[in-house]
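Only one structure is covered here, and it is reproduced in the block below.
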Amino acid sequence: MQRDKFFKEIENVEHPNEKLIKTHCSYCGMQCGMNLRVNTATNKIIGVEPRYDWPVTVGKMCPKGVTAYQQTNHNDRILRPLIRDDASLKGTKEGFREASWEEAYDLIAEKFGELQQNYGKDSLSVFSGVSMTNEKCYLTGKFARVALGTRYIDYNGRFCMSSAAGGFLRSFGVDRGSTLPWTDIHETDCLFIAGSNTAECHPTSMFRIWNVQERGGYIIVVDPRETPIARRADLHLDLKPGTDLALANGIVHLLIEKGYADEEFIKQHTNGFEETKELVKQFTPEYTSYLTGVAPEKIERAAEIYGKAPNAVVMFARGIEQQHKGVDNVSGYTNMALVTGKIGRPKAGVATFTGQGNGQGGREHGQKSDLLPGYRKITNPQHVQEVCNVWGITPEEMPKAGVSAYEMFELMDQKEIRGLYLLCSNPAVSAPNLNFVRNAMKSLDFMVCADFYLSESAEFADVILPSVTWSEDEGTVTNIEGRIIKINKAQQPLGESKPDWQMQVELAERLGKGENFSHLKTAKDVAEEFRLASKGGSADYYGATWDKIEKQDGVFWPCKDEGDEGTPHMFLDKKFYHPDGKAQICALPYRPPAEEPCEEYPLRLTTGRVVYHYLSGNQTRRIQFLKDMCPEPYVEVHPETAGKYNMEHDERIRLYTRRGEAVYKVKVTEAIRKDTVFVPYHFGHEESINLLTIPALDPKSRMPEFKACAAQMEKLEPKKVL
Ligand SMILES: Nc1nc2c(c(=O)[nH]1)N[C@H]1C(S)=C(S)[C@@H](COP(=O)(O)OP(=O)(O)OC[C@H]3O[C@@H](n4cnc5c(=O)[nH]c(N)nc54)[C@H](O)[C@@H]3O)O[C@H]1N2
Ligand SMILES: Nc1nc2c(c(=O)[nH]1)N[C@H]1C(S)=C(S)[C@@H](COP(=O)(O)OP(=O)(O)OC[C@H]3O[C@@H](n4cnc5c(=O)[nH]c(N)nc54)[C@H](O)[C@@H]3O)O[C@H]1N2
Ligand code: SF4
Ligand SMILES: [Mo]
């Protein structure tokens with residue numbers, strides 16, 4: 001192909017005075033391969049080139065990826081520690097002064113010490129994120145439990161992957177986001193994609209997804225909006241937000257009724273079929289249609305296509321997971337694969353679109369309130385002992401399980417938690433029910449925030465520690481497929497900024513825990529300890545050495561030892577991870593969203609993303625190109641609904657729920673249900689849609705229901721009568 005030749009020729013061209021550093025994008029779980037261009041005279045990053053030799057993304061990148069390099073030497077970087085010297089300005093950008101690291105550490109050690117002396121060990125908390133390497137995520141868990149000795153640690157994956165994790169654990173007994181490598185996906189015969197705006201959120205998957213159609217296969221999309229992928233799909237099931245479980249049950253019922261069930265597979269390799277068969281019986285196409293708003297013929301056609309396809313992959317993302325029944329939705333759609341036996345072989349299986357760059361690895365190694373490295377449980381004495389052996393503490397010294405991310409804010413509000421070490425997350429934008437969450441942060445006695453830009457959350461901090469961007473440190477991350485890959489360092493930390501692991505080691509020393517941390521002098525030292533800590537866990541990374549990662553283009557976990565090449569395909573031997581080796585088909589009664597529309601709040605509000613911004617937007621709202629492309633949020637409204645409310649395109653209106661309100665421009669579009677409105681969530685302060693969202697939590701994953709609540713809107717001013 002001419003085009004391929006062109007890419008090959010520009011690949012790896014080293015210009016004079018430049019070197020290329022092989023690495024991956026800083027943002028989403030696709031972890032596209034890129035080369036950072038570094039000027040050898042200044043040793044500064046000056047640009048980027050896609051990596052054509054990376055097997056997952058083969059030279060593809062999206063608008064965020066091609067501008068990601070602009071973060072590193074950006075004018076907004078925080079270059080020295082900042083200490084708040086005007087408490088009255090808490091909650092704003094103002095009132096900070098620059099300080100030395102010594103002064104910042106001393107202040108933190110003093111204040112954290114005081115709080116723990118007065119209110120106990122658990123008065124402190126750590127809130128973290130998974131845009132960090134495995135090594136940093138691992139050390140953050142150790143820092144909380146060993147250096148601070150608190151039970152209260154949790155992270156932004158609670159708002160992201162926790163329902164997928166819960167669903168996979170229940171269905172398969174193990175939580176790897178994809179049961180198969182991405183390099184298989186385009187070769188399947190049917191992709192069933194629920195609640196994923198793939199073209200905007202995992203854009204570099206699209207060449208594989210379109211290829212399924214080009215090869216004569218089918219794409220079925222489940223989304224209340226006509227996203228770019230829904231537009232070209234063979235079938236678009238445009239359901240009401242929050243009704244996925246009914247749809248999943250309805251499809252599973254048809255798969256059984258129409259004879260697509262694989263009885264041999266069910267008998268040999270699963271439990272729970274009979275109960276499930278019984279439960280889904282009531283979900284006839286008509287009843288399912290009544291609950292979901294999807295036409296019965298479409299539901300039947302979806303079951304027929306999926307049922308007939310020799311190979312099929314069920315894929316989903318936050319659209320189904322960010323619900324107060326997210327875990328049930330995941331198991332509900334996973335039932336499709338288990339009932340038909342379309343799993344445990346190449347080109348067939350189940351995958352969630354992992355969100356953050358290290359959304360997979362970051363949830364496995366101890367940032368979650370109940371987990372320790374290697375996916376060990378903090379409630380299992382044997383697991384605790386294994387980790388204690390690596391950390392050099394006794395089981396008595398290991399704190400107990402804490403609470404989930406949103407619940408930590410509730411404890412702050414109740415003054416049970418009084419101190420916070422926040423890193424790699426911006427909950428003042430991304431948590432639900434922000435009026436409450438922002439007040440909870442404001443009520444803290446002492447708050448530290450580590451970030452490289454002054455985020456909306458940092459505005460509540462007493463001390464800000466300048467961290468580095470992804471390009472100024474090295475380590476591993478685990479991509480969307482469960483493939484452990486290597487991030488390489490392209491430039492020295494800007495100003496006085498430091499990698500998070502280094503700050504935690506130095507702080508631990510100040511807190512009197514040097515003996516557990518001082519041996520960690522480089523990222524590689526942390527990596528070696530981390531591999532050891534994961535050894536023997538269900539997410540075993542021990543065999544994934546940096547050398548092997550380099551040689552093999554990444555290593556799929558589990559990878560138990562030096563000789564193990566890793567596990568690209570899960571369950572090829574049809575052995576699932578439950579003790580009896582069988583997968584669980586789940587009988588899941590339907591329940592509606594926590595808040596259904598009513599007379600006062602007749603609309604369904606759902607939230608999500610656009611291609612140009614990333615998460616809370618703290619990184620992408622500073623990149624000029626991305627800002628130009630999407631400068632502000634808006635509310636998507638169907639033309640008929642806009643007409644009913646007498647609203648015009650681009651008009652500013654007030655959108656409100658029981659929890660809060662915000663003013664948005666109306667974007668009139670036919671690509672949304674008439675009963676639903678959508679707002680992207682990447683914006684701060686009074687533009688945050690999370691002022692309106694509901695903190696209804698899934699009982700298992702504690703995931704908030706970002707994707708469905710009841711809302712109303714009104715015009716700001718009545719139209720002038722001329
Ligand atoms: N451009 C961009 N890409 C990203 C990110 C980003 O911020 N920006 N973030 C990354 C991260 S961390 C994540 S978690 C992923 C998220 O990736 P996605 O989950 O794909 O993104 P969302 O926009 O949150 O939601 C996906 C779709 O769910 C639909 N939806 C809403 N309610 C429902 C429902 O009740 N049922 C169903 N079936 N669908 C529903 C929405 O209309 C939307 O199109 O993206 C990653 N990639
Ligand atoms: N309404 C609504 N709300 C949502 C969602 C939704 O769909 N709808 N999605 C949810 C999802 S899926 C997610 S993942 C969350 C994400 O929400 P957040 O956790 O707030 O995500 P980010 O914007 O990535 O925040 C990361 C912050 O850490 C900084 N940072 C990046 N890398 C590093 C690092 O290595 N070290 C340090 N110290 N700092 C770093 C960045 O500058 C940024 O300020 O939002 C959730 N909130
Ligand atoms: S698809 Fe994701 S990883 Fe790839 S360039 Fe875009 S943001 Fe980066
Ligand atoms: Mo996410």
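Quick note: the coordinates plus some simple rules give every number you see, no bench work behind them. All of these numbers come straight from a predicted model, not from anything done at the bench. No Cβ is skipped: glycine too gets one built from the backbone with ideal geometry, and neighbour counts run over all protein chains shown.
In the chain, taking the dipole from charged Cβ atoms about the Cα centre, the farthest positive-side position among Val403, Gly332, Gln619 is held by Gly332. Based on the Kirkwood approach, the hydrodynamic radius assigned to the range 605-722 is 15.1 Å, with every pair of different Cα atoms included. Computed over the chain, the Cα gyration tensor eigenvalues convert (square root of 5λ each) into semi-axes of 37, 31, 27 Å, ordered from largest to smallest.
Along its principal axes, the range 409-557 has C-alpha extents of 49, 33, 31 angstrom, given from the largest down. About the centre of its Cα atoms, the chain shows a dipole size close to 660 debye [charges on the beta carbon of Lys, Arg (+1) and Asp, Glu (-1) only; nearest 20 debye].
Peptide packing: for 141-152, 323-334, the average count of neighbouring Cβ atoms within 10 Å per residue gives the ranking 323-334, 141-152, highest mean first. Summary value for the chain: 19 percent relative contact order, contacts being C-alpha pairs under 8 angstrom separated by 6+ residues. Non-local lysine pairs in the range 178-352, meaning eight or more places apart or on different chains, with alpha-carbon distances under 14 Å, amount to 5. Among 554-563, 651-660, sorting by the average number of other beta carbon atoms lying within 10 angstrom of each residue, highest first, gives 554-563, 651-660.
Rg and Dmax of the range 178-352, based on Cα coordinates, read 14.7, 40 Å. The distance linking the range 646-722 with the range 449-489 is 30 Å (Cα centroid to Cα centroid, whole angstrom).
Expressed as a fraction of 2.2 N^0.38 Å, the value expected for a compact globular protein of N residues, the C-alpha radius of gyration of the range 506-573 is 1.37. Counting lysine pairs in the range 603-715 that sit 8 or more residues apart in sequence, or on different chains, and whose Cα atoms lie under 24 Å apart gives 15.
Can you give the net charge of the other residues whose Cβ lies under 15 Å from the Cβ of Leu588, counting K and R as +1 and D and E as -1? Net of charged neighbours comes to -1.
When the chain is described by a simple charge dipole with +1 on each Lys and Arg Cβ and -1 on each Asp and Glu Cβ, the residue from Gly173, Ala309, Gly319 located farthest towards its positive end is Ala309.
Under 5 Å between amide hydrogens, built in the peptide plane, is the criterion, and for Lys368 it picks out nothing among residues at least 5 positions away or on other chains.
Counting helices only, and only those DSSP H runs with n ≥ 4, report the 222 nm mean residue ellipticity of the chain as the sum of -39,500 (n - 2.57) divided by its residues, in deg cm²/dmol to the nearest 500. Please report the intermediate quantities before stating the final value.
On the way: 25 runs with 219 residues, N = 722.
Taking each H run of at least 4 residues, the total per residue is -8500 deg cm²/dmol.
Relative contact order, whole percent, for the range 390-498 stands at 18, derived from Cα pairs under 8 Å and 6 or more residues apart.
The range 92-169 and the range 227-305 have Cα centres lying 42 Å from one another.
Geometric descriptor of the range 400-452, per residue, is 86 Å³ (volume of the convex hull of the Cα atoms).
Near Ser455: Cβ cut-off under 12 Å, other residues only, Lys/Arg at +1 and Asp/Glu at -1. The net charge is -1.
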